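Input: a single structure, listed below in structure tokens.
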């Protein structure tokens, strides 16, 4: 996914899904792999069930803007299907969108004032962008690994396959951020995410 | 050692390394994490003050006492603190005094988009504008040196993008600053700002500003980066990063100190380039300064004044203006997406404010609101908040509207922390000037919106110690409120009884609706998800109208009305029972009923 010594990530989801932990890991992997790194996120009202978005940029020389421009993301990691659709235009042609197979219905839909977009719209959107779409059943794989809470680790496993950085670098950065007693479980979740893309 | 730090973490680190001894703040996005982070370091006293003005007074007092001090706040907090900042400009201090103003372009979590660089000129204070986390740390340390060299408070102005972005930062050790004084200064000419003394100080601060402007010509905080000279860009803060990203070959004058401006440096830069452009977020502050020098310059004629900049916008408008962009703007892909449902922030499942707004909506009163989670009560389906302006404005506005003579009663609604922030003087005013305003204090025992900071109601201090716990009822009575009721915010009937009794008085009144925030850890441990009895639910939809994210529309339809039945998401429901109480068909059991059912076995049906 790296182009010209740089790689840009956009991570999107819904408050409470673990996107912030994931973006911290992506930033640290970049630093460990010798890149200059910037990470940007917006807190605030998003923790009350709103959309959450983080940007992470790696560059062999120097990162200037902490924000990724439209059509510039090499990797979009979406923790939720509709959020994938909302941020689809960030992905560059030839980029990759890893989308968690998960729907979180917003209040506008549950109140009956809007309709949740059908799954086929996601395929259409990334086809229009010219990006590769990888759908990962994060919650299912995490549950199989031991807990549904590790869905974000499954998704990190999935995007770790997209870059030519040793798997161990990813795992080391991840292992520092998960409780010691859940290491094994998280490793299983990480491996399941890798297998989901590689397979 | 290098570590990824957010701008806020880096400011805290810089304050600690600079030997700051006292720091005070009121929480507010995007500034909150500065004090939270600083409070984790040793040898620095940190507090949540009751509001931003108090925080500046606290920091000023510490600086008068000869210790380096910090006050931090969001941009609108500076409005609250402005009176104090103006006197500190006149007095100066005995040790470094730095005030962080965290501005919020795009209003990610704010009521306006004010550019606080304007305050620097207004207050005659130097203003630093860092462009990444390393600069956040370095500029904080530099601000203390600047403050002490010129006997001036310094504004460290950031924006959300800087506060909440993380970049690598080189760490260093703390330098302890020797305390010059152990007594409060006795220097009336400098510290007693009566007219005679203040007249003496005004020329001093005007001269100070001239001397800082001279210093600005040579400080390494400002620098010229010569590249191609066809276009020269003057820029500061995060806009510097966009300038480097999008116009990599242009010459740049990067200003770390955005007030006062370095006149000779700007003239030198302007003379060296064919076309002079200012790239800055929000107001044309630098642009106007350059224009006053009589130089031809472009800025807001190219770049937007409203909202947050980003590389996409800068590239698009830059290319249109003929500036040398790195590459052509990306054509927007036509994806023919369906209209996507918005995902607005909402009152959480189990929110203690929901029942109050349900009641107020039912009573058809005018509702003057305030700043906090409960502002979200304006959203449908509750739509039960008709005004929100700034911290503490709810009560005064309700009072004024009442005095204007309306055909309806006006209710003021504000939270516990907001009440202590600026609600107190407004409530005293209602009691004193006698309006029949009902003030509802939503006491959820924490400052919830910004992430559960302590306040005088909870009595939990920033540094995790037991502080004084202020008694709301006693405070209100002390302010002259005779009609007062306190009820459990989860008890709809009790809320309505108290409301009715207080409205009957036609006097100043206070209703305290108390219940801890459902997101507090001790509350989370007590969740009991409720469920819907499908045989009792007839799809009437009343529970949908309380706007709880845990209540969904089932795919099951009522056989008679053909309306969707209610369904409760057990992963979201906290068991607050507000929906149980509004359901006219007893289709949603209470926690006690749920427990009885569970005791009776997993397959049991409700007894008929």
Rg to Rh ratio, region B:164-209, alpha-carbon atoms and Kirkwood radius?
1.27
Globularity ratio of chain A, using Cα Rg and 2.2 N^0.38 Å:
0.97
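Restricting to chain B, what percent of DSSP beta bridges are antiparallel, rounded to 5?
25
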Over region B:346-423, what portion of Cα pair distances is larger than 22 Å, expressed as a whole percent?
19
Roughly how tilted is helix B:591-600, in degrees to the nearest 10 and between 0 and 90, from the longest Cα axis of chain B?
60
Sorted largest first, the Cα spans of region B:184-260 on the principal axes come out in Å as 55, 20, 19
Distant alpha-carbon pairs in region B:84-210 (separation over 22 angstrom), percent:
45
Footprinting proxy, B:543, B:127: sorted fewest to most Cβ within 10 Å, the residues are B:543, B:127
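Using only Cα atoms, figure out Rg for region B:2-216 and give it as a multiple of 2.2 N^0.38 Å.
0.94
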Which residues in region B:507-536 place their backbone N less than 18 Å from a point set 7 Å from the Cα of residue B:474 along the Cα-to-Cβ direction?
B:512
Which values, in whole Å and largest first, are the semi-axes of the equivalent ellipsoid of region B:254-380 obtained as the square root of 5 times each eigenvalue of the Cα gyration tensor?
46, 24, 11
Percentage relative contact order, chain B, counting C-alpha pairs under 8 Å, at least six apart:
10
Working note, the protein assembly as shown: Cα radius of gyration (Å, one decimal) and Dmax (Å, whole number) are 28.1, 89
Distance from a point 7 Å along Cα→Cβ of residue B:403 to each backbone N in region B:421-458: keep the residues under 15 Å and list them by number.
B:425-437
Length gained if residue A:182 through residue A:147 is fully extended, taking 0.36 nm per residue and subtracting the Cα-Cα distance, is 11.6 nm
Relative to the compact-globule scaling 2.2 N^0.38 Å, provide the ratio for the alpha-carbon radius of gyration of chain B.
1.11
Kirkwood hydrodynamic radius of region B:527-600 from all distinct Cα pairs, in Å?
12.3
Can you give the angle from 0 to 90° between the axis of helix B:492-505 and the longest principal axis of chain B, with both taken from C-alpha atoms, to the nearest 10?
80
For residue B:196 and residue B:463, compute 0.36 nm times the residue count separating them, minus their Cα-Cα distance, and round to one decimal in nm.
92.0 nm
What's the FRET efficiency of residue B:293 with residue B:321 using the Cβ-Cβ distance as r and R₀ = 35 Å, to the nearest 0.05?
0.95
With only helices counted (DSSP H, runs n ≥ 4, each -39500 (n - 2.57)), the per-residue ellipticity at 222 nm for chain B, to the nearest 500, works out to -10000 deg cm²/dmol
Determine the percent antiparallel among the DSSP beta bridges restricted to region B:354-523, to the nearest 5.
10
Between residue B:218 and residue B:174, the FRET efficiency computed from the C-beta separation at R0 = 41 Å comes out, to the nearest 0.05, as 0.90
Mean separation of Cα pairs under 8 Å and 6+ residues apart, divided by the residue count of chain A: what relative contact order is that in percent?
20
Taking the 0 to 90 degree range and rounding to the nearest ten, how far is the long axis of helix B:195-216 tilted relative to the main principal axis of chain B, both from C-alpha atoms?
70
Rounded to 5, the percent of DSSP beta bridges in the protein assembly as shown classed as antiparallel:
35
Using a Gaussian network for chain A with springs between C-alpha atoms less than 10 Å apart, which of these wobbles most: A:64, A:90, A:79?
A:64
How big is region B:140-198 in terms of Cα radius of gyration and Dmax, in angstroms?
17.2, 50
Express in nm, to one decimal, how much length is gained between residue B:188 and residue B:225 on full extension, taking 0.36 nm for each residue of separation and deducting their alpha carbon distance.
8.7 nm
If region B:413-522 were replaced by its equivalent ellipsoid, with semi-axes equal to the square roots of 5 times the Cα gyration tensor eigenvalues, what would those be, largest first, whole Å?
25, 17, 10
Wrap a convex hull around the Cα atoms of region B:85-147, take a quarter of its surface area, and give that in square nanometres.
5.0
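Coordinate-derived values only; no laboratory data. Everything numeric in this text was worked out from a predicted model, so none of it was measured. So basically every Cβ, Gly included, is an ideal-geometry build from the backbone, and we count neighbours across all protein chains shown.
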